[in-house]
Amino acid sequence: MMTTPLKDIRVLDFSTLLPGPMATLFLAEAGAEVIKVERPGRGEEMRSYNPKWGQDSANFAMLNRGKKSLALDLKDPVQRARLTPLLKDVDIVVEQFRPGVMARLGLGYEDIAVINPKIIYCSITGYGQAGPKAARAGHDLNYMGDSGLLALSCGKPQAPVVPPALIADIAGGTYPAVFNILLALRDRDCNGNGAHLDISMSDNLFPFMYWALAEGQATGQWPGNGDSLVTGGSPRYQLYPTSDGRFVAAAPLEQKFWQAFTDAIGLDAELRDDTQTPPATAQAVATCIADKSADHWHAVFARADCCCTVVQTLQEALQDPHFQSRGLLEQEVENNTGARQIALPVPVARQFRAAPHAASAPALGADNDLAPEVTTPPRQDTE
């Protein structure tokens, strides 16, 4: 049986680009009513990105499926006043400005808590609401660099490696925002409390380095660039090129998997003890893998239980019978021309989402009737 647990929750979303919009997408997929507040004319930045898909960008459609849109100039006091009735009624506010911006607009947590004491107000920033770096501009790569995460595996000086995912935005911003919003909702249910949630994307990267924090503090030897077990310092956790330019993702960390892996590739017996000369073992494994094609290794590893796979492209992954069988790709997003594509898979359990259907991202200002213009009553002269 499918239910949408957040069907009675209303969210006012002032965020743009990725962390906040993805967080409110997760809430919307669980049934929340999400109302975006955008600037008139252009709307939020993501609408103008490439590639275009219909009127807006494909990225905007993907991240804003099923939401509503208000187009209001927050610098105009008259237009800003149109939000007051909504602010009295909503459960959650999500914003992503630098610290102090919303307060200067009269929309800070303290301002809204006066008229809605139970508001859950989520602020997502790069460095948090306070601290020496709080006002600094940055993007995902900067937050990863400042936290120490990037230094653990950033490639060689002659060939630096840029991470393939916006880890700070999503894992440091989106996920902690949703997690803490749900905690705040639970606390409000139990105790009637509102909350201001300070979500710092750079702060939230430290859990990813649990092993490096433990190792460095316990031994005094802090991990370097690519020299640890899971960052490229072991033959047991590597990407190995195949003869046709593809890659094998080899992760046979445990001894039983390492034994199965070395059997499957036919590694010489004298090189299987990777504690003796790890670089020599890694080179021998690389030579074995490079001798055959990706198709060959795909067939070999399908039979061997050894934690090794051929790296798939995204297009291949979308055609993978496993992911298709999981219902991961059932939902669709529709644009203003009626064209459809697979919606962004989200980590909301299927029983907490609506049945598979197509939904669109909102046209800019399509829901301005939710914030009617404020009419000033005519002045009454008194005698």
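No lab work stands behind these numbers, since they all come straight from the coordinates. Being a predicted model, the structure only gives us computed values, none of them experimental. Every residue, glycine as well, gets a Cβ built from its backbone with ideal geometry; the counts of neighbours run over all protein chains shown.
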TODO: Arrange the peptides 319-328, 334-343, 357-366, 78-87 so that the one whose residues have, on average, the most other Cβ atoms within 10 Å appears first.
DONE: 357-366, 78-87, 334-343, 319-328
Open item on the list: Distance between the C-alpha centers of segment 58-136 and segment 187-223? Whole Å please.
Closed with: 24 Å
Open item on the list: Order these by the 10 Å Cβ neighbour count, fewest first: S243, S153, S69.
Closed with: S243, S153, S69
Open item on the list: Cut-off 10 angstrom, C-alpha nodes, Gaussian network model of the chain. Which of L17, L27, L253 fluctuates the most?
Closed with: L253
- [ ] Lys and Arg at +1, Asp and Glu at -1: add these up for the other residues within a Cβ distance under 15 Å of V374 and post the number.
- [x] -1
Open item on the list: Per residue of segment 226-238, what does 6.51 cos²θ - 1.76 cosθ + 1.60 with θ = phi - 60° give for ³J(HN,Hα)? Whole Hz please, x for Gly and Pro, Karplus curve as stated.
Closed with: x, 10, 10, 3, 9, 10, x, x, 10, x, 7, 8, 8
Open item on the list: If the elastic network links every pair of Cα atoms under 10 Å, which of G172, G100, G20 fluctuates the most in the Gaussian network model of the chain?
Closed with: G100
Task: Spherically averaged projected area of segment 262-383 from its Cα convex hull (nm²) - done: 17.7 nm²
TODO: Identify, among F247, V348, S360, the residue whose Cα sits farthest towards the positive end of the charge dipole of the chain, taking +1 on the Cβ of Lys and Arg and -1 on the Cβ of Asp and Glu, with the dipole about the Cα centre.
DONE: S360
Task: Listed values (1) 53; (2) 65; (3) 48, entry calculated as percent of Cα pairs over 25 Å apart - done: (2)
Open item on the list: Report for the chain the percent antiparallel among DSSP-assigned beta bridges with both residues inside it, nearest 5.
Closed with: 35 percent
TODO: Give the long-range amide H neighbours of K68: residues separated by 5 or more places, or on another chain, with amide H under 5 Å away, using H modelled in the peptide plane at 1.01 Å from N.
DONE: V34, I35, K36
Open item on the list: Please give the charge dipole size of segment 238-318, origin at the Cα centre, charges +1 on K and R Cβ atoms and -1 on D and E Cβ atoms. Round to the nearest 20 debye.
Closed with: 140 debye
Task: Amide H within-cut-off set for S153, under 5 Å, with H built and near neighbours excluded - done: G226
TODO: Please report, in Å, the Rg and the Dmax of segment 165-292, where both are computed over Cα atoms only.
DONE: 21.3, 67
TODO: Please state the charge dipole magnitude for the chain, taken about the Cα centre, from unit charges on C-beta atoms (+1 on K and R, -1 on D and E), reported in debye and rounded to the nearest 20.
DONE: 440 debye
TODO: Could you go through segment 75-85 in sequence order and give the Karplus-derived ³J(HN,Hα) for each residue, using 6.51 cos²θ - 1.76 cosθ + 1.60 with θ = phi - 60°, rounded to whole Hz, and x for Gly and Pro?
DONE: 7, 9, x, 5, 5, 4, 5, 5, 7, 4, x
Task: Relative contact order %, segment 263-383, counting alpha carbon pairs below 8 Å whose residues are six or more apart - done: 14 percent
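Could you work out the Rg to Rh ratio of segment 238-318, with Rh taken as the Kirkwood radius (inverse of the mean 1/r over all Cα pairs)? Before the final figure, lay out each step's value.
On the way: Rg = 12.3 Å, Rh = 12.8 Å.
Rg divided by Rh gives 0.96.
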- [ ] Tell me what the chain gives for mean residue ellipticity at 222 nm when only DSSP H runs of n ≥ 4 count, each as -39,500 (n - 2.57), the sum divided by the residue total, rounded to 500 deg cm²/dmol.
- [x] -8500 deg cm²/dmol
Task: Average Cα contact separation per residue, the chain, under 8 Å, 6 or more apart, as relative contact order % - done: 21 percent
Task: segment 238-318: relative contact order as a whole-number percent, Cα under 8 Å and 6+ apart - done: 45 percent
Open item on the list: I'd like to know which of Y109, P207, G43 lies farthest towards the positive end of the charge dipole of the chain, counting +1 on Cβ of Lys and Arg and -1 on Cβ of Asp and Glu.
Closed with: G43
TODO: Lys and Arg at +1, Asp and Glu at -1: add these up for the other residues within a Cβ distance under 12 Å of P21 and post the number.
DONE: -2
- [ ] Select from A269, A134, P77 the residue farthest towards the positive end of the dipole of the chain; place +1 on Cβ of Lys and Arg, -1 on Cβ of Asp and Glu, and compute about the Cα centre.
- [x] P77
- [ ] Choose one answer from C306, C190, C154: the residue with the largest mean-square fluctuation in a GNM of the chain with alpha-carbon springs under 10 Å.
- [x] C190
